[in-house]
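The values are calculated or read from the model by the stated rules, or taken from the named source; none is laboratory data. Predicted, not measured: the structure shown is a model, and the values here were computed from it. As a convention, Cβ positions derive from the backbone with ideal geometry for all residues, glycine included, and neighbour counts pool all protein chains shown.
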Amino acid sequence: MSKYPKPLMLATWSFSARGCQAAWPGLESGGGSLDAVCTVAREAESNPQVDSVGFGGMPDAAGNMSLDASVMLAPDRCGSVCAVTRHLHVADLARLVMERTSHVMLAGEGADSFADALGMPHAELLSPDARAAWKRWRSGEAQVRPNDPGIDSGKIFSSSPIGELHFPHDTVCALAVDTQGVMAGACSTSGLPFKLVGRVGDSPIPGHGLYVDPEGGGAIATGNGELIMGVCGSFLAVECMRRGATPLEAVQEVIERIHRRYKTLPHHQVGMIALSPNGSWSAGALRPGFAVTIADTTGIRSVAPEWVLQHDVEGKQGGIV
Ligand code: ASP
């Protein structure tokens, strides 16, 4: 295992700064990377201002909340949950799936029942603001764009172009390396706003929203999950690094491939962070607006990604950037 001289945390979007502040003291003083990334997820899950994760996240088309999450340290150490409706701290729940079962993923009622069996408390997931936003969306006041073709024309349903509301595709994803050189990652999300009931995106699926393999590094992704899923985005980035690509080259490969293989629309976004086993990292995005939060021995800050594919298209971004 590589020995890292210093711990490091990287997380999606600027709202992750709060979680990094909570997690950094433990990581810096020798705590585990998995504890750190779960702390980042918990902070976003509890923050009603983060409208795409946990309490405060946007509901599905029927007005109901469902949460997805994953954690990963290695191909044989990952866990995930999807379509959780009664419990808030879903990254912790994904960790419990990894640690307490021989499975990788639990879905829906099974995931909630598993959390009940472990004594996790129930939580109200729909915030008053999210409910009001859903009502505006449902009544058409939010200027749903007519005939928006979604990812591809001809689809019977496309989620969430919501007019004056922003496009909150802002999953919290974090990667951390601890003082022992162990890398871990976590993702937590309420998914795309007003998604079709039953829709699950990239975040809880190993290799899509999150992938960690100590041999190749780690990658996390946020944005329109359907774009990320079609290219196994995080797995592809790690695989590129395992075969010798730099983190920047790995991120470019993924985002360029998405751009080549999909008809991307102006509201589509993909943001990605890749971290190599030697501690070098990079981030990229399909459009401007993505932000990376870094925590290291020099402090905590949020910056624009190193590389953006399409500078000429005005991307509409969510998050508190
Ligand atoms: N990737 C997430 C999803 O598609 C959304 C996000 O990043 O906020 O479910």
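For segment 35-50, check the following and say yes or no: at least one residue is over 25 Å from residue 178 (Cα atoms), within 13 Å of the ligand (Cβ to nearest atom) and buried (at least 24 other Cβ atoms within 10 Å of the Cβ).
Yes; the residues of segment 35-50 include at least one that is over 25 Å from residue 178 (Cα atoms), within 13 Å of the ligand (Cβ to nearest atom) and buried (at least 24 other Cβ atoms within 10 Å of the Cβ).
Among the numbered criteria (1) more than 15 Å from the chain's Cα centre (by Cα); (2) closer than 23 Å to residue 283 by Cβ, which one does residue 9 miss?
Result: residue 9 passes all but (1).
Could you run through segment 170-181 and say how many residues are surrounded by fewer than 24 Cβ atoms within 10 Å (Cβ to Cβ) and near the ligand (Cβ under 10 Å from one of its atoms)?
If we filter segment 170-181 for residues that are surrounded by fewer than 24 Cβ atoms within 10 Å (Cβ to Cβ), which is where we start, we get 178-181.
With near the ligand (Cβ under 10 Å from one of its atoms) added as a condition, the list becomes none.
Of the residues in segment 170-181, 0 are surrounded by fewer than 24 Cβ atoms within 10 Å (Cβ to Cβ) and near the ligand (Cβ under 10 Å from one of its atoms).
Residue 269 is checked against (1) touching a residue at least 40 places away in the same chain (Cβ under 8 Å); (2) closer than 19 Å to residue 215 by Cβ and fails just one. What number does that condition carry?
Only one criterion in (1) touching a residue at least 40 places away in the same chain (Cβ under 8 Å); (2) closer than 19 Å to residue 215 by Cβ is unmet by residue 269, namely (2).
Of (1) in a loop (DSSP other than H, G, I, E, B); (2) more than 15 Å from the ligand (Cβ to nearest atom); (3) at pLDDT 95 or above, residue 266 satisfies all except one. Which?
Here residue 266 clears every test but (3).
Kindly indicate whether any position in segment 182-200 is under 28 Å from residue 85 (Cβ atoms) and more than 15 Å from the ligand (Cβ to nearest atom). Before the answer, list the steps.
Pass one, segment 182-200, residues under 28 Å from residue 85 (Cβ atoms): 184-200.
If we keep only those that are more than 15 Å from the ligand (Cβ to nearest atom) too, we end up with 184.
Yes, some residue in segment 182-200 is under 28 Å from residue 85 (Cβ atoms) and more than 15 Å from the ligand (Cβ to nearest atom).
Taking segment 206-257 as the search range and keeping residues that are of a type in the set (S, T, N, Q) and either assigned to a loop (DSSP other than H, G, I, E, B) or surrounded by 24 or more Cβ atoms within 10 Å (Cβ to Cβ) (or both), which one is farthest from the ligand (Cβ to nearest atom)? Outline the logic, then answer.
Filtering segment 206-257 down to residues of a type in the set (S, T, N, Q) leaves 222, 224, 234, 246, 252.
Still in the list and also either assigned to a loop (DSSP other than H, G, I, E, B) or surrounded by 24 or more Cβ atoms within 10 Å (Cβ to Cβ) (or both): 222, 224, 234, 246.
Numbers: 222: 4, 224: 6, 234: 11, 246: 24 Å.
My answer is 246.
Between residues in segment 206-233 that are farther than 16 Å from residue 265 by Cβ and residues that are more than 14 Å from the ligand (Cβ to nearest atom) and among the acidic types (Asp, Glu), which pairs lie under 8 Å by C-beta distance while being six or more apart or on different chains?
So the pair list comes out as 216/239.
Only one of these conditions is not met by residue 56: (1) surrounded by fewer than 22 Cβ atoms within 10 Å (Cβ to Cβ); (2) in a loop (DSSP other than H, G, I, E, B); (3) not polar (S, T, N, Q). Which number is it?
(1)
Please find, among 207, 217, the residue that is within 15 Å of the chain's Cα centre (by Cα) and modelled with pLDDT of 95 or more. Steps first, please.
Details: 217 fails: within 15 Å of the chain's Cα centre (by Cα).
On inspection, the qualifying residue turns out to be 207.
What do you reckon, is residue 210 in contact with a Ser or Thr (Cβ under 6 Å, 6 or more places away or on another chain) and hydrophobic (A, V, I, L, M, F, W, C)? Quick ask: steps written out before the conclusion?
Numbers: in contact with a Ser or Thr (Cβ under 6 Å, 6 or more places away or on another chain): yes; hydrophobic (A, V, I, L, M, F, W, C): yes.
So residue 210 passes the test.
Scan segment 95-108 for residues that are touching a helix residue (DSSP H, G or I) at 6+ places or on another chain (Cβ under 9 Å) and either crowded, with 23+ Cβ neighbours inside 10 Å or assigned to a loop (DSSP other than H, G, I, E, B) (or both) and jot them down.
Within segment 95-108, 95, 97, 101, 103, 104, 106 qualify.
Considering (1) closer than 18 Å to residue 180 by Cβ; (2) within 16 Å of the ligand (Cβ to nearest atom); (3) part of a loop (DSSP other than H, G, I, E, B), say which one residue 72 fails and leave the rest.
Here residue 72 clears every test but (3).
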